[in-house]
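The values are calculated or read from the model by the stated rules, or taken from the named source; none is laboratory data. Model, not experiment: these values are computed from the prediction. Every residue, glycine among them, receives a Cβ derived from its backbone with ideal geometry; neighbour counts consider all protein chains shown. To get the accessible areas, we keep the full protein, side chains included, count just its heavy atoms, and leave off ligands, DNA and RNA. Shrake-Rupley method; radii C 1.70, N 1.55, O 1.52, S 1.80 Å.
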Amino acid sequence: MSTTEPTTESTTEHEIAIQELDRVTVRFAGDSGDGMQVTGSQFSQSTAVFGNDISTLPDYPAEIRAPAGSLPGVSGFQISFSSSPIYTPGDAPDVLVAMNPAALKRNVGDLVPGGAIIVNSDAFTPNNLAKAGYASNPLEDGSLKEYNVHEIPVTTLNARALEGLDMTAKQVDLTKNFFALGVMFWLFERSMEPTLAWLEEKYAKRPIFIEANKRALMAGYAFGETTEIFHTHYRVAPAKLRPGTYRNITGNEATALGFLTASQLAERNLFYSSYPITPASEILQQLSLYKNFGVKTFQAEDEIAAIGAAIGASYGGGLGLTGTSGPGMALKTEMVGLAVITELPLVIVDVQRAGPSTGMPTKTEQGDLFQALYGRNSDAPVPVVAPASPAECFDYAVEAWRLAIRHMTPVIYLSDSFLATGSEPWRIPELDELPDLKVANRTDPQGFYPYMRDPETLARPWAVPGTPGLEHRIGGLEKLDVLGSVSYDPDNHHRMSMLRAEKVARIANDIPPLEVFGPPEGDLLILGWGSTYGAIRSAVERLQGRGTSIAHAHLRYLNPFPANTGDVVRAYRKVLVPEVNMGQLLFVIRGTYLVDAVGFNLVRGKPFQISEIQMKAEQLLGDL
Amino acid sequence: MTDQKTPAIASDREPILLTKKDFVSDVDPRWCPGCGDYSILAQAQKAMPEFGYARENIVFISGIGCSGRFPYYMNTFGFHSIHGRAPTLATGLKASRPELMVWVITGDGDALSIGGNHILHSMRKNVDIKVVMFNNRIYGLTKGQVSPTSDYGQKTKTTPGGSINYPIHPLVVALAAEASFVARSVDTFPDHLQETITRAGKHKGSTFVEVLQNCNIFNDGAHREFTDRDVRDDRMIFLRHGEPMIFGKDRDRGIRLNGVRPEVVRLGNGITEEDLLVHDETSEDPTIHFMLARIYWPEFPVPVGVIRNVTRTTHDALLQGQVDDAIRREGRGDLRAALGGGETWTVER
Ligand code: SF4
């Protein structure tokens with residue numbers, strides 16, 4: 001917890017110190033059956049509604065059915081909230097809520113020195129301690145003495161609060177996370193209202209669960225208020241965000257909403273075709289709820305069929321969309337090439353995850369940049385966009401479609417697991433702030449040729465089946481320039497290769513320049529892309545406060561790069577490119593602009609911490 | 001937005017009177033002289049006017065192989081896609097544009113080797129696409145390698161010692177995948193082929209037609225043993241719905257069930273038409289259809305004609321139905337409401 005300005009206020013019952021904090025990071029951890037994701041997202045929701053800037057990071061166990069109480073079965077959810085803008089879910093938690101010994105063991109090492117731990121002491125049974133690999137009880141053996149430990153017999157207290165309800169002991173036990181949530185709401189002065197409203201909606205058909213969870217929540221809150229185990233509660237004032245209406249949103253939700261919005265702006269039906277894969281499946285699930293917008297979703301038999309069906313839909317004049325993660329991208333490769341040579345609009349979502357092959361499906365990485373840029377046979381240029389934060393996923397989902405239909409090309413949209421599952425406040429845009437995506441189908445048979453081009457963008461016409469007089473054939477064989485018939489002519493192939501490259505290159509004229517945060521020239525530029533945005537921006541802000549000559553630029557367009565990218569990277573004595581991969585953007589920047597940029601690459605399945613980037617930058621500045 | 005601006009569909013326009021030559025494109029076919037594909041093309045072009053669809057509402061989608069060139073020669077919309085994947089494009093197109101008539105042209109390697117998965121799932125979902133598979137039992141375009149329907153022991157460029165694999169039975173696969181229309185015809189039987197294509201085109205739902213096709217360059221005579229003019233009546237059986245399964249030049253033989261097995265019997269000596277199986281293409285129970293898809297020369301006459309033809313709601317109709325239902329139930333989607341969904345709060349100036 002940073003910046004403390006202790007004050008004391010008199011509250012109703014007993015004297016409790018109120019501490020004003022600038023920023024707090026809390027991690028909820030428990031068994032995967034303990035409902036930690038729900039607890040975390042409810043806490044986030046109330047915190048967002050309260051007006052703090054927030055950033056969240058769920059941490060799912062890799063195994064769905066790891067044994068209860070075991071270390072692999074631990075599920076976590078981290079939220080950072082602040083009275084000023086923040087960009088990351090926080091480096092080290094200030095507060096850890098641990099529902100069992102395994103959760104404590106897995107997470108305690110990450111806590112800030114002197115941080116607070118709230119444990120469910122009922123769960124610290126010999127059996128659970130053994131499952132977590134504790135030789136002795138950490139609550140008793142003094143190993144936690146450097147932390148501020150609060151033991152609460154959550155299970156017992158919660159069971160007492162629910163006495164008299166017609167529920168099994170097991171059902172009662174499943175509500176104990178709401179007791180813990182109630183305690184946290186009290187501790188941080190959050191309102192219970194959003195959660196109560198959520199319960200009413202979620203269990204509308206099972207009133208007993210509303211009652212049970214409500215009792216658990218209120219009992220936890222009352223426990224905080226009436227017991228003396230906390231000597232302080234904390235106040236994090238609302239942040240000064242840009243005026244507007246906000247909601248809390250995850251990257252995957254924002255992505256799905258962005259695609260829905262694109263289809264409405266383009267006045268074309270969205271056809272989302274996908275094969276289930278972590279961490280992209282939620283996009284399919286969410287889009288399947290928008291049927292009354294004319295959205296059709298299709299769960300295909302495999303990744304290839306998923307993109308094939310999307311191409312079929314785009315060929316028919318719809319917005320053919322497919323989504324996957326890295327392994328699925330590998331399978332779709334040949335089809336992306338087909339969309340390139342047939343010059344059809346298509347958006348391919350890759351929510352990146354860690355590792356080659358199956359790797360670590362629930363962990364984050366930025367390892368698919370090369371795959372997006374180059375992973376096809378022959379020269380098959382494809383524009384690539386990448387949002388930098390969960391809320392930005394909305395903007396770039398719309399942008400991907402703007403480019404695809406204006407330039408008649410497949411576009412790859414690179415998200416990652418960190419963006420997909422993380423959340424932050426999103427200012428809901430007014431409809432008139434959104435771009436116009438309408439383009440007309442070709443309908444005039446007069447002078448029509450399938451591969452005639454728009455002189456400005458080089459886009460070919462969208463000539464869809466059902467248009468009288470436009471009957472023509474396209475396909476994966478090389479096409480004769482303009483006429484579009486099959487051609488094996490050597491010079492024609494060269495010309496078509498140049499045209500395909502030039503068409504994508506010209507998109508640089510249709511996108512904004514790369515913005516620089518900080519001095520326009522100087523000692524060090526940190527250049528990032530995708531989900532490293534928050535950690536880089538926070539580190540740069542900290543260092544700028546100390547009079548260093550440091551700037552941050554973040555690429556949202558990876559192909560083509562914004563037109564001024566070369567000028568930007570050449571304006572600093574050093575360029576640092578942090579990436580959660582082995583140096584892919586670094587390689588492209590060095591190769592494209594011949595600058596001696598250096599990489600900072602950590603591939604642990606986790607996002608960068610602010611402090612890591614800060615230290616690396618300090619080291620580079622020190623070497624100057 | 002189901003009211004997306006799409007051009008008029010056939011039903012909106014005056015009855016369309018077209019002839020075969022309206023479907024001949026300006027590209028000259030480039031198959032080997034004597035290839036069976038020419039006949040299939042001609043019969044398809046002849047069948048097209050039957051459907052009442054305007055040319056612009058018909059789409060031919062193909063994969064890779066000699067059959068893959070077919071769309072270039074049809075004066076309709078056409079898409080020559082990649083190896084084995086034509087059913088996927090066809091599915092996406094039909095699902096999003098139900099008013100179009102969508103054909104898939106494929107071959108034995110394209111459909112049953114590299115594209116097997118897509119055949120299975122497009123058929124089981126009852127996507128209203130018409131798959132016509134040219135079965136020449138060889139890879140022709142790549143010049144003569146073994147295919148999934150090549151015979152056991154067949155010598156090809158990649159099996160100089162003879163194929164060690166058993167051939168797949170395409171129609172058995174189609175039935176197993178729950179295709180709602182399954183038929184077989186032969187490139188050299190023009191009338192039968194045209195009639196089969198016409199019936200396939202009129203079926204609503206997943207349609208699978210196997211056309212026995214001769215590749216005179218790399219597998220000449222693959223079907224000749226039973227399709228040659230002088231033997232075909234004795235070695236093939238032309239299925240007709242509601243009629244007993246009789247064959248033979250003299251219509252003197254038939255197929256009956258002996259226990260659970262089919263057998264060929266000669267009529268007379270106390271065996272009458274009454275004892276024979278009667279073809280019922282509409283039977284929901286596919287047992288006899290499987291039997292017909294599986295029996296083959298030389299043990300049995302080779303069945304041709306429509307083997308299965310059942311009515312089921314199509315994939316595109318069900319998908320569109322869900323959209324229409326949602327609009328009826330919830331009203332047309334309101335973007336502003338969708339964006340502002342969930343818990344919101346306002347930050348004042
Ligand atoms: S190789 Fe065979 S199938 Fe192909 S065009 Fe020639 S004859 Fe026809």
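Out of B:V59, B:V104, report the one residue that is away from the ligand (no atom under 16 Å from the Cβ) and either part of a loop (DSSP other than H, G, I, E, B) or more than 10 Å from chain A (Cβ to nearest Cβ) (or both).
Step by step, each of B:V59, B:V104 is checked, and only B:V104 is away from the ligand (no atom under 16 Å from the Cβ) and either part of a loop (DSSP other than H, G, I, E, B) or more than 10 Å from chain A (Cβ to nearest Cβ) (or both).
Tell me which of these B:F247 doesn't satisfy, since it passes every other one: (1) away from the ligand (no atom under 16 Å from the Cβ); (2) exposed (fewer than 13 other Cβ atoms within 10 Å of the Cβ).
(2)
Mind telling me which of the residues A:A372, A:A380, A:A397 ends up being within 23 Å of A:F561 (Cβ to Cβ), assigned to a loop (DSSP other than H, G, I, E, B) and touching a residue at least 40 places away in the same chain (Cβ under 8 Å)?
None of the others qualify; the one that does is A:A380.
Which residues, taken from segment B:62-92, are within 19 Å of A:G337 (Cβ to Cβ), at the interface with chain A (Cβ under 7 Å from one of its Cβ atoms) and open to solvent by 10 Å² or more (accessible area, probe 1.4 Å)?
B:H80, B:I82, B:R85
Does segment B:119-130 contain any residue that is open to solvent by 10 Å² or more (accessible area, probe 1.4 Å), within 15 Å of the ligand (Cβ to nearest atom) and outside any loop (DSSP other than H, G, I, E, B)?
no
Just one of B:V310, B:V304, B:V278, B:V323 is exposed (fewer than 14 other Cβ atoms within 10 Å of the Cβ) and of a type in the set (A, V, I, L, M); which is it? Before the answer, list the steps.
Numbers: B:V310 fails: exposed (fewer than 14 other Cβ atoms within 10 Å of the Cβ); B:V304 fails: exposed (fewer than 14 other Cβ atoms within 10 Å of the Cβ); B:V323 fails: exposed (fewer than 14 other Cβ atoms within 10 Å of the Cβ).
The conditions single out B:V278.
I want to confirm something. Restricting to segment A:259-286 and keeping residues that are in contact (Cβ under 8 Å) with a residue 24 or more places away in the chain, more than 10 Å from chain B (Cβ to nearest Cβ) and outside any loop (DSSP other than H, G, I, E, B), which single residue is farthest from A:E301 (Cα to Cα)?
A:A262
Quick one: A:A508 ticks every box in (1) touching a residue at least 60 places away in the same chain (Cβ under 8 Å); (2) part of a helix (DSSP H, G or I); (3) hydrophobic (A, V, I, L, M, F, W, C) bar one, so which box is it?
(1)
Do any strands (runs of 3 or more DSSP E) lying entirely in segment A:525-623 carry at least 1 residues that are open to solvent by 10 Å² or more (accessible area, probe 1.4 Å) and β-branched (V, I, T), and which ones are they?
Filter on segment A:525-623 gives A:598-601.
I'd like to verify a number: residues in segment A:48-86 that are closer than 19 Å to A:E541 by Cα, touching an Asp or Glu at 6+ places or on another chain (Cβ under 8 Å) and crowded, with 20+ Cβ neighbours inside 10 Å, how many?
7
Of the numbered conditions (1) open to solvent by 10 Å² or more (accessible area, probe 1.4 Å); (2) in contact (Cβ under 8 Å) with a residue 60 or more places away in the chain; (3) more than 24 Å from B:V131 (Cβ to Cβ), B:G144 fails exactly one; give the number of that condition.
(1)
Could you check B:I40 against (1) within 12 Å of another protein chain (Cβ to nearest Cβ); (2) aliphatic (A, V, I, L, M); (3) within 16 Å of the ligand (Cβ to nearest atom) and say which number it fails?
Of (1) within 12 Å of another protein chain (Cβ to nearest Cβ); (2) aliphatic (A, V, I, L, M); (3) within 16 Å of the ligand (Cβ to nearest atom), only one is false for B:I40: (1).
Are any of the residues in segment A:210-233 farther than 30 Å from A:D94 by Cβ and not aliphatic (A, V, I, L, M)?
yes
If you go through segment A:157-176, how many residues are surrounded by fewer than 14 Cβ atoms within 10 Å (Cβ to Cβ) and of a type outside the set (K, R)?
5
Under 7 Å between Cβ atoms, at least 6 apart or on separate chains: pull out the pairs that start in segment B:103-129 with a residue that is over 12 Å from B:G84 (Cα atoms) and end on any residue that is among the β-branched types (V, I, T) and within 16 Å of the ligand (Cβ to nearest atom).
Once the first residue is over 12 Å from B:G84 (Cα atoms) and sits in segment B:103-129, its partners that are among the β-branched types (V, I, T) and within 16 Å of the ligand (Cβ to nearest atom) give B:W103/B:V132.
Within the set of pairs 6+ apart or on separate chains, which have a first residue in segment B:26-46 that is among the hydroxyl-bearing types (S, T, Y), a second that is part of a loop (DSSP other than H, G, I, E, B) and more than 13 Å from the ligand (Cβ to nearest atom), and C-beta atoms under 9 Å apart?
B:S39/B:T188; B:S39/B:F189
So that you can scan it fast, the table gives a plain yes or no per residue for (1) facing chain A (nearest Cβ under 9 Å); (2) among the hydroxyl-bearing types (S, T, Y):
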| residue | (1), (2) |
| --- | --- |
| B:L257 | no, no |
| B:G268 | no, no |
| B:S283 | no, yes |
| B:I295 | no, no |
| B:P303 | no, no |
| B:G321 | no, no |
| B:L339 | yes, no |
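Exactly one of (1) in contact with a helix residue (DSSP H, G or I) (Cβ under 7 Å, 6 or more places away or on another chain); (2) within 12 Å of another protein chain (Cβ to nearest Cβ); (3) open to solvent by 30 Å² or more (accessible area, probe 1.4 Å) is unmet by A:L289. Its number?
(1)
Looking only at segment A:231-248, which residues are within 8 Å of chain B (Cβ to nearest Cβ) and among the β-branched types (V, I, T)?
A:T245, the sole residue that qualifies.
Could you check segment B:217-241 and list, in sequence order, the residues that are open to solvent by less than 50 Å² (accessible area, probe 1.4 Å) and away from the ligand (no atom under 16 Å from the Cβ)?
We begin by selecting, within segment B:217-241, every residue open to solvent by less than 50 Å² (accessible area, probe 1.4 Å); these are B:219, B:221-223, B:226-227, B:231-232, B:234, B:236-237, B:239.
If the condition is that a residue be open to solvent by less than 50 Å² (accessible area, probe 1.4 Å) and away from the ligand (no atom under 16 Å from the Cβ), then B:F226, B:V231, B:R232, B:D234, B:M236, B:I237, B:L239 are the ones that fit.
Please count how many residues of segment B:199-216 are surrounded by fewer than 20 Cβ atoms within 10 Å (Cβ to Cβ) and within 16 Å of the ligand (Cβ to nearest atom).
The number of residues fulfilling the criteria is 1.
Working only within segment A:292-305, note down all residues that are more than 16 Å from B:A317 (Cα to Cα), part of a helix (DSSP H, G or I), open to solvent by less than 20 Å² (accessible area, probe 1.4 Å) and at the interface with chain B (Cβ under 8 Å from one of its Cβ atoms).
Within segment A:292-305, A:F293, A:A305 meet the criteria.
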